[in-house]
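The values are calculated or read from the model by the stated rules, or taken from the named source; none is laboratory data. Since the structure is predicted, the reported quantities are computational estimates derived from the model, not experimental observations. Glycine gets a Cβ as well: all are built from the backbone with ideal geometry, and neighbour counts include every protein chain shown. Just so you know, the surface numbers come from the protein's heavy atoms only, side chains and all, with ligands and any DNA or RNA stripped out. Shrake-Rupley method; radii C 1.70, N 1.55, O 1.52, S 1.80 Å.
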Amino acid sequence: MALTKNKAVLSWIDEMVAMTKPDQIVWIDGSEEQLAQLRKQAVDEGILHELNQEKLPGCYLHRTDVNDVARVEDRTFICCEKEEDAGPTNHWMDPKEMYAKIRTMCDGAYKGRTCYIIPYSMGPVGSPFAKYGFELTDSIYVVLNMNIMTRIGVKVCEALGDDAGFIKGLHCQLNLDKDGKYIVHFPQDNTIVSLNSNYGGNVLQGKKCFALRIASNLGRQEGWMAEHMLILGIENPKGEIRYLSAAFPSACGKTNLAMLIPPEGYTSKGWKVWCVGDDIAWLRVGEDGRLYAVNPEYGFFGVAPGTSMKSNPNALISTQKNTIFTNVALDTSDNTVWWEGMNKTPPAHAIDWKGNEWTPDMGTKAAHPNSRFTAPAKNCPCLSSEFENPQGVPISAIVFGGRRAKTAPLVYQSRSWDHGVFVGSIMASETTAAAAGAVGVVRRDPMAMLPFCGYHMADYWQHWLDMGKKIGKQPKIFNVNWFRTDDEGHFIWPGFGDNMRVLEWIMKRAFDEIDAVDTPIGYQPKAEDINLEGLDLDLDTLKGLLGVDKELWKEEAKGIREYYAKFGDKVPAELLKELDTLEANLQ
Ligand code: GTP
Ligand code: SPV
Ligand code: MN
């Protein structure tokens, strides 16, 4: 039985059903009975493997097809009316042509299968930030993951009512063909179609497809921002909590920073960090002129490898119940999971992410480098009490950051909002396993949105500049880099919990509580102002980490000019002016 009487929803579903021709239609109501039945069916059909229910209650393991392990940027399309509106960083196809292709590919796509209809909300149901969508899928794995990552079911249909402003989504697994994947967005009619994949970032449509690519378009039209950002609160010993949001590219440390545990010298004094979100932030100007952020998601789709009780205990604890693991290794000794970097002792015997027998001497990875956990946010020990606040949290600082072995210093601050937009626009980072393709290649990734901006990147920069004018009390904008390496390629900065030392400086700057050094690229800390207490790192090493090599930066400026040239005369004048200033400062 349909869960809604909304005519626009029902007529769109009729159209999709006529095309895909499922044997059966199941509305996902969000009830525990229905979800339990689906989990059982998934186990019976071999889609999920039930893990040790004493050690990992409610936890399951799933393996994707070996060719379906990451986002596919080459196969991701923005199908707006005009090609120039998608810009040079997106793949575009004419919407009519794409719809025709989809109709051919999806004709009978659900034959012999079940069409699950998932009503879902991005943002707390009923919040002024919230947006509602429906995903049609033939994958129980998607249903069960969407239940963790978003708020689903009857309450969403009730909140939507008769409103026609919902996001339409179709997912067909088809044949998981390596080259034939389509991750398609039609911003003009708020529609998403994912074909030939069953990997999270491609098919959990609430996440990157809706909350970033479609939402970035909505934000531009409606005057708000959809960003690839974590949100965290820093509580000081006085009990005040100050919030920041931070944009780092995929697999560059958002989940880790969002759940950070401060070093002993901080915790003993009463410092705490609270997680509001680990991947996506929707930002709006509040009535008081401040910028407010909500996390539209309901769970974490986090990178498993490297997650340990040492690096990120809060994330690891979050995965100990009601979690779906994807492409990690199965420890056969006790039917639990393992991945590289979980601890120093790999299991003597495991089943690797491809489903093959594995022993440590084989020299291959047991877990895929982009293996992930889907864990309910409510599991997180440091989840902020403001997680469900429908108004969001006020943001005092925005932090950009990338993975750079050289060039980018540990931290610097922009001189103004416009300079901060420039700093975001020139971000560059080494590629990671989160997307298919080469790993470790430096590429420009403005605001960590290169794969997620649903329209022309230069228009997006303009939107940032325009938003700056609307924000009465602008957050200060910073840039960080935890990933500088020494001559042997080792990370110099200890990172993880010790990043608190940099966050402390950032918050002091955001509240004008400390002065700084003016450098060619922006404001930087005096080395003595970064607290190194309890850390095995001397002041000279820190000075090295903060260092700005003018020759490298001249090269960088050249690269930025070339990059901007790709966007032609669309690059906002404010950003070109900032680039001129940077070049002049480096002379
Ligand atoms: P997505 O979910 O893909 O958006 O990734 P993310 O930005 O949330 O990255 P995540 O926190 O999962 O970290 C990815 C990888 O970076 C893991 O292997 C971490 O161990 C590593 N990492 C995170 N923070 C730090 C840090 O401060 N220093 C170093 N050296 N590595 C880090
Ligand atoms: C990312 O790649 O930035 C992720 C994982 O957060 S995915 O859902 O695949 O996009
Ligand atoms: Mn991400």
*asked:* Could you tell me how far the Cα centroid of region 172-209 sits from the Cα centroid of region 11-74, in Å?
replied: 15 Å
*Excluding Asp177 itself, what net charge comes from residues whose Cβ is under 15 Å from its Cβ, given Lys and Arg +1 and Asp and Glu -1?*
0
*Full-stretch length increase - Gln320, Asn585 - with 0.36 nm per residue and alpha-carbon distance subtracted*: 90.3 nm
*Put a dot 7 Å past each Cα toward the Cβ at Glu33 and Leu539; how far apart are the dots in nm?*
7.0 nm
*Report the one residue of Gln413, Val571, Thr307 whose Cα lies farthest in the direction of the positive end of the charge dipole of the chain (charges on C-beta: Lys and Arg +1, Asp and Glu -1; origin at the Cα centre).*
Val571
_Simple Cβ-charge dipole of region 229-362, Lys/Arg +1 and Asp/Glu -1, about Cα centre, in debye nearest 20_ = 460 debye
*asked:* Tell me the carbon and sulfur percent of the accessible area for the chain, rounded to whole percent, probe radius 1.4 Å.
replied: 50 percent
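If contacts are Cα pairs under 8 angstrom and at least 6 residues apart, what is the relative contact order of region 160-231 in percent?
24 percent
Counting other Cβ atoms within 10 Å, which GluC sites (Glu not before Pro) in region 425-514 have at most 10 and lie in a DSSP loop?
Filter output for region 425-514: Glu488, Glu513.
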*With the Cα gyration tensor of region 158-205 giving a ≥ b ≥ c as the square roots of its eigenvalues, does the rule (a/c under 1.5 for rounded; else a/b larger than b/c for prolate; else oblate) give rounded, prolate or oblate?*
prolate
_Probe 1.4 Å - accessible area at Ser268, Å² to nearest ten_ = 80 Å²
*Counting only the heavy atoms of the protein chains, how much of Arg113 is accessible to a 1.4 Å probe, in Å² to the nearest 10?*
90 Å²
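Quote the charge dipole size of region 461-576 about the Cα centre in Debye, to the nearest 20; the model charges only the Cβ of Lys and Arg (+1) and of Asp and Glu (-1). Can you show the working numbers first?
On the way: 16 positive and 23 negative charges, 181 e Å.
Dipole size: approximately 860 debye.
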*Using Cα positions and a limit of under 17 Å, work out the aspartates and glutamates in reach of Lys554, with same-chain residues fewer than 8 apart set aside.*
Glu562, Glu578, Asp580, Glu583
*Find how much the distance from Asp44 to Ala164 grows on full extension, using 0.36 nm per residue of separation minus their present alpha carbon separation; answer in nm with one decimal.*
39.4 nm
*asked:* I need the calculated FRET efficiency for the pair Thr345 and Glu287, taking r as the beta carbon distance and R₀ as 41 Å, to the nearest 0.05.
replied: 0.15
*Which of the aspartates and glutamates could a cross-linker span from Lys82 if the Cα-Cα distance has to be under 12 Å and same-chain partners fewer than 8 positions apart are dropped?*
Asp94
_Tell me the angle of helix 140-149 to the major Cα principal axis of the chain, expressed in degrees between 0 and 90 and rounded to the nearest ten._
40 degrees
_Pairwise centroid distance, computed over Cα atoms, of region 231-286 with region 131-169, Å_ = 29 Å
*Theoretical FRET efficiency, 1/(1+(r/R0)^6), r = Cβ-Cβ of Thr104 and Asp466, R0 45 Å, to 0.05*: 0.65
*Please compute the net charge surrounding Phe511, taking Lys and Arg as +1 and Asp and Glu as -1 over other residues with Cβ under 10 Å from its Cβ.*
+1
*Tell me, in nm to one decimal, what length is gained between Asp334 and Lys558 on full extension, where the rule is 0.36 nm per residue of separation less the Cα-Cα distance?*
75.1 nm
*So which GluC sites (Glu not before Pro) in region 237-305 end up in coil per DSSP with only 11 or fewer other C-beta atoms within 10 Å?*
Glu240, Glu287
*Going highest first, how would you order 533-544, 43-54 by mean Cβ packing within 10 Å?*
43-54, 533-544
*Neighbourhood net charge (11 Å Cβ-Cβ; Lys/Arg +1, Asp/Glu -1) for Leu465*: -3
*Angle between the Cα long axis of helix 95-106 and the longest principal axis of the chain, 0 to 90 degrees, nearest 10?*
50 degrees
*Just need the relative contact order of the chain here, percent rounded to a whole number, with Cα pairs under 8 Å and 6+ apart.*
15 percent
_Label-to-label distance, nm, for residues given as Val66 and Val517 (7 Å Cα→Cβ offset)_ = 5.2 nm
*Anchor Lys21: lysines whose Cα lies under 23 Å away (excluding residues fewer than 8 positions away in-chain)*: Lys5, Lys7, Lys96, Lys101, Lys111, Lys168, Lys181
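Which pairs in the list Lys131/Lys570; Lys526/Lys570; Lys406/Lys566; Lys178/Lys406; Lys208/Lys570 are over 28 Å apart, alpha-carbon to alpha-carbon? Please list the in-between numbers first.
Working: Lys131/Lys570 30 Å; Lys526/Lys570 37 Å; Lys406/Lys566 24 Å; Lys178/Lys406 35 Å; Lys208/Lys570 25 Å.
Long pairs (Cα-Cα over 28 Å): Lys131/Lys570; Lys526/Lys570; Lys178/Lys406.
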*How far, in degrees from 0 to 90, does helix 573-586 lean away from the longest principal axis of the Cα atoms of the chain, to the nearest 10?*
40 degrees
_Nothing charged except the Cβ atoms of Lys and Arg (+1) and of Asp and Glu (-1): what's the magnitude of the dipole of region 1-141 about its Cα centre? Round to the nearest 20 debye._
240 debye
